[in-house]
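As structure tokens, the structure follows; a few thoughts come after it.
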Amino acid sequence: MYELDVIKRTQLAKKLGGPPIFHDGFLKKAVLTKESVSLSIEILSDNNPSLDKDTLVTLKLNNVKEIDFTSREHKDNLFIIHDLDIRREDDGLHLRLESARGDVSEFIFETIELSENESH
């Protein structure tokens, strides 16, 4: 399950009154730099009562130590998110993304930011 305190401290979670649910969303884009990974994720309002419409957010992982990313071609998205899980381990925070097809991607990093993108 989520490392909820990590998400609760983000600006978007404060605005929503709690962490959003990422289950059954879409990973639209991933941008990798030397030290960070920014994931553009569409959060579905069906699973999030505090959202009045599907919302595009950026999940930014800072000070990335390791990436294991897998995706198969899927129309309009990198993949459909079946499950997103964040946990704290000895070597840092671990974000695990599982797609609807069973592909699993994992990121190890130090800090996280969650922000809402412009309306789409």
* Asked: Yes or no: Gly102 more than 16 Å from Ala30 (Cα to Cα) and open to solvent by 30 Å² or more (accessible area, probe 1.4 Å)?
  -> yes
* **Index of the failed condition, Asn62 passing every other in (1) in contact (Cβ under 8 Å) with a residue 40 or more places away in the chain; (2) surrounded by fewer than 18 Cβ atoms within 10 Å (Cβ to Cβ); (3) closer than 16 Å to Asn117 by Cα** => (3)
* Asked: Counting just the residues of region 15-37 that are under 18 Å from Asn77 (Cβ atoms) and among the charged types (D, E, K, R), which one comes out most open to solvent (accessible area, probe 1.4 Å)?
  -> Lys29
* Asked: Looking at (1) touching a helix residue (DSSP H, G or I) at 6+ places or on another chain (Cβ under 7 Å); (2) farther than 18 Å from Thr111 by Cα; (3) in contact (Cβ under 8 Å) with a residue 12 or more places away in the chain, which is the one condition that is false for Leu44?
  -> (1)
* Residue list for region 38-53, restricted to those being closer than 15 Å to His23 by Cβ and either among the basic types (Lys, Arg) or open to solvent by 60 Å² or more (accessible area, probe 1.4 Å) (or both) -> Asp46, Pro49, Ser50
* Structure fact -> Pairing a residue in region 77-90 that is within 18 Å of Asn62 (Cβ to Cβ) and of a type outside the set (A, V, I, L, M) with any residue that is open to solvent by 50 Å² or more (accessible area, probe 1.4 Å) and assigned to a strand (DSSP E or B), where Cβ atoms lie under 9 Å and the two sit 6 or more apart in sequence or on different chains, gives Arg87/Arg96
* Would you check if Leu39 is touching a residue at least 12 places away in the same chain (Cβ under 8 Å), touching a Leu at 6+ places or on another chain (Cβ under 6 Å) and part of a strand (DSSP E or B)? => yes
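The values are calculated or read from the model by the stated rules, or taken from the named source; none is laboratory data. Please read these numbers as outputs of a predicted model, since none were measured by experiment. Every residue, glycine as well, gets a Cβ built from its backbone with ideal geometry; the counts of neighbours run over all protein chains shown. Calculation scope for accessible area: heavy atoms of the full protein, side chains included, ligands and nucleic acids excluded. Shrake-Rupley method; radii C 1.70, N 1.55, O 1.52, S 1.80 Å.
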